[in-house]
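J.: Structure in C-alpha cells, see below.
The values are calculated or read from the model by the stated rules, or taken from the named source; none is laboratory data. Fair warning: this is a prediction, and the values are worked out from it, not measured in the lab. So basically every Cβ, Gly included, is an ideal-geometry build from the backbone, and we count neighbours across all protein chains shown. The area values use the complete protein model at the heavy-atom level, side chains included, leaving out ligands, DNA and RNA. Shrake-Rupley method; radii C 1.70, N 1.55, O 1.52, S 1.80 Å.
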Amino acid sequence: MRANDNKRSTPHRKRFGLPTLLFASVALAACSGDGAQSALDPQGPIARDIDELWDLVFVLATIVFVLVMIAFFVAIIRFRAKKGDDTEPVQVHGNNALEITWTILPAVILAVIAVPTVQGIFDIRGEPEGERLDIDVVGHQWWWEFTYPEYTDADGRVLTTANELHIPSGETVYLTMTSTDVIHSFWVPPLNGKRDVVPGNVSNLKLFADPGIENEDRGFGAGVIPGQCAEFCGLAHADMRLRVFVHSPADFEAWVASQLEPAQIPAEGTLAAAGYETFNLRCTACHAATVSGPEGVEVLGSTAFWPLPEALTATTEYAFAPNLTHFGGRTTFGGASFDNVREHLAQWLANPADLKPMDPDRNVISEGRILGMPNFGLSSQEIEGLIALLETWD
Ligand code: CUA
C-alpha cells in the first residue's frame, strides 16, 4: 500500500514543481522597487537610511548564502559514494577549529550589521533639531485625521484635513500621533518606516521628502506618495490608506492659505442649496465644516467630541468624521481608498458600507465609538444635492 502511495506522489510532485516555480517568480517580481509604495525606492534621507541598511544586510546574506551553497554542493558531489567502492569513510567527531570559526564569523557579521542599525534607529527616532513643521495625526477606524497646529485662521481655527497629508519638500516634518480606538500604524514607505499609533499614548515620526519630489510622478500624480495603515485594525484595515502630497515650499504655503478659507454657503434655489439643507440635517452629527454666508463665518457640526492625550501639540479633541470644508479639493475619500468622483460618491452616499466594509450599526456616539458612516436612506435627489454641494467645497 505504502509503496503504491509513493509511486503516485512522485509524478504529482513533478507536475506541480514547475508551475510553483513560475508562479513564485511572477509573484516575487512584484517585490521590485517600481511600485510607488515601496521602501526600496526611498524619496528622502530617512527612508534612504533604512534602504541602505537593507542593501547591506541583503549583500551580506547573499554572500553567506552563496558560500554555504558552494560548500554544500562540493560536499555532496565530491564525497558521494562511488560505484564499486564500499570503503567506510573516515569517522569524525567534532572539529574545534571549525566550530570556533562558525561561531565567531556570524558574531562578527552581526556586530558589523549592528553598528549602522543602532545608529539608524537613533537617527530615525530622534526628535529633529532646528526648523520643523509639526502635524498632529489621529488614527480612526478607518481614516486619518491631520491637524496643523501652526496654521490657524483669523478666528483661531486650526487647519484640519483627512487622509491626504500635505507637506513641503526639503523640510523636516514631525508627526505627533495617537489613536481614538485601536492600534493603527502610520506607514509611508518611501519617507520612513512604520510607527504604531496607539490609543491613550503618543508616538512620533519624522518625515522628510527630497527637494524636487513634488515634480516626480510615480503613478499617483506629481509629488503624490501613497501610504497605508500597517497594523490590522478591523474590518476596513485594507481601506485605511493615505496619500502624502509633497509641494514646493511656496506651493505648500498656497495650499495652507486655501485650506484656511471657509467654504461658501450655496446661493438659494440651486441644487447645491438643497444639498446644504440635507448636509445640515444629516451630516453635521459627525462631520464639521467651516462655512461663510450672509451671517459671517461659522462652524457647522462640532469638532469638540472626545478628549485626546495632552501631549498632542494642539489638537485636544478628535472629530468623529473627516472635516468636509474642502472635501471637493481632495482627490480621494473613504480612507484614501476611492477616487473622489461622482460615481463613487453616489455609491458611498447611497450606502457607505456597500463600498467599504464597515460596521456602522455598532456606532455608539455617546461613547465616542464610530465604526463607519451609517446608511441614512438618502433619496437619489438628496444624493445629487449633496454631491453638488461637496463639489463646490473645494
Ligand atoms: Cu488602521 Cu489598520
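J.: Can you list, bin by bin at 10 Å, the percent of alpha carbon pairs in segment 168-290, starting at 0?
T.: 12, 28, 30, 24, 6, 0
J.: What figure, in Å² to the nearest 10, do you get for the accessible area of L110 with a 1.4 Å probe and non-protein molecules left out?
T.: We get 120 Å² for L110.
J.: Taking the solvent-accessible surface of protein heavy atoms with a 1.4 Å probe, what is the per residue accessible area of segment 314-394 in Å²?
T.: Per residue, segment 314-394 has 44 Å² of solvent-accessible surface.
J.: At 1.4 Å probe radius, can you tell me the per residue accessible area of segment 53-104 in Å²?
T.: Value for segment 53-104: 97 Å² per residue.
J.: List the chymotrypsin sites (Phe, Trp or Tyr not before Pro) within segment 45-102 that fall in a DSSP loop (any state other than H, G, I, E or B) and whose Cβ has at most 15 other Cβ atoms within 10 Å. Show your work: numbers first, answer last.
T.: On the way: sites: W54, F58, F65, F72, F73, F79, W102; in loops: F79.
When the chymotrypsin sites (Phe, Trp or Tyr not before Pro) of segment 45-102 are filtered for loop state and at most 15 Cβ neighbours within 10 Å, F79 remain.
J.: Further question: Scan around A263 for amide H atoms under 5 Å from its own, H built in the peptide plane at 1.01 Å from N, and keep only partners 5 or more places away or cross-chain.
T.: Residues meeting the criterion, in which the H sits 1.01 Å from N, are T290, V291, S292.
J.: Using only Cα atoms, tell me the angle between helix 96-125 and the longest principal axis of the chain; keep it within 0 to 90° and round to the nearest 10.
T.: 10 degrees
J.: Quick one: accessible surface of S380, probe radius 1.4 Å, all protein chains present, in square angstrom to the nearest 10.
T.: S380 has an accessible surface of roughly 90 Å² with all protein chains in place.
J.: Measuring from centroid to centroid over Cα atoms, what is the spacing of segment 176-208 and segment 84-151 in Å?
T.: 20 Å
J.: Still on this structure, please answer the following. Rank these residues by their accessible area, most exposed first, probe 1.4 Å: M240, M358. Each step should come with its number before you reach the end.
T.: Values: M240 0, M358 25 Å².
Descending accessible area places them as M358, M240.
J.: Next question. I want the local charge near T331. Using Cβ-Cβ distances under 9 Å, sum +1 for each Lys or Arg and -1 for each Asp or Glu among the other residues.
T.: 0
J.: With every protein chain kept in the model, how would you rank K83, K356 by accessible area, 1.4 Å probe, largest at the top? Walk me through the numbers before you get to the answer.
T.: Working: K83 210, K356 5 Å².
The ordering from most to least exposed comes out as K83, K356.
J.: Could you compute the longest span of the chain free of GluC sites (Glu not before Pro) located in DSSP loops and having at most 10 other Cβ atoms within 10 Å, not counting the site residues?
T.: 132-267
J.: Tally up the carbon and sulfur contribution to the accessible surface of the chain as a whole percent, 1.4 Å probe, everything protein left in place.
T.: 59 percent
J.: Which aspartates and glutamates, on any chain, are close to K206 with Cα under 14 Å apart, when same-chain ones fewer than 8 places away are left out?
T.: By straight Cα distance, K206 reaches D49, D123, E127, E129, E131, D134, D136, E171, D196.
J.: Have a look at H287, G227, F252 and report the one farthest towards the positive end of the charge dipole of the chain, computed about the Cα centre with Cβ charges (Lys/Arg +1, Asp/Glu -1).
T.: G227
J.: Normalized C-alpha radius of gyration of segment 55-185, against 2.2 N^0.38 Å?
T.: Relative to the rule-of-thumb radius for its length, segment 55-185 sits at 2.03.
J.: In the neighborhood of P190, defined by Cβ-to-Cβ distances under 11 Å, what is the net charge if each Lys or Arg adds +1 and each Asp or Glu adds -1? Write down the numbers at each step before the final one.
T.: Values: positive: R48, R218; negative: D41, D51, D210, E216.
Net charge in that neighbourhood comes out at -2.
J.: Can you give me the convex hull volume of the Cα atoms of the chain, divided per residue and expressed in Å³?
T.: Dividing the Cα hull volume of the chain by its residues yields 234 Å³.
J.: A follow-up question, please. Roughly how much of D251 is accessible, in Å² to the nearest 10, using a 1.4 Å probe?
T.: Surface accessible to solvent at D251 totals approximately 90 Å².
J.: To the nearest 10 degrees, how steeply does helix 2-29 sit against the main Cα axis of the chain, on a 0 to 90 scale?
T.: It is inclined by approximately 50 degrees.
J.: Right, next: Under the classification rounded if a/c is under 1.5, otherwise prolate if a/b is larger than b/c and oblate if not, where does segment 146-211 fall, given a ≥ b ≥ c as square roots of the Cα gyration tensor eigenvalues?
T.: Oblate shape, in that a/c is at least 1.5 and b/c is the bigger or equal ratio.
J.: Can you give the angle from 0 to 90° between the axis of helix 380-392 and the longest principal axis of the chain, with both taken from C-alpha atoms, to the nearest 10?
T.: 90 degrees
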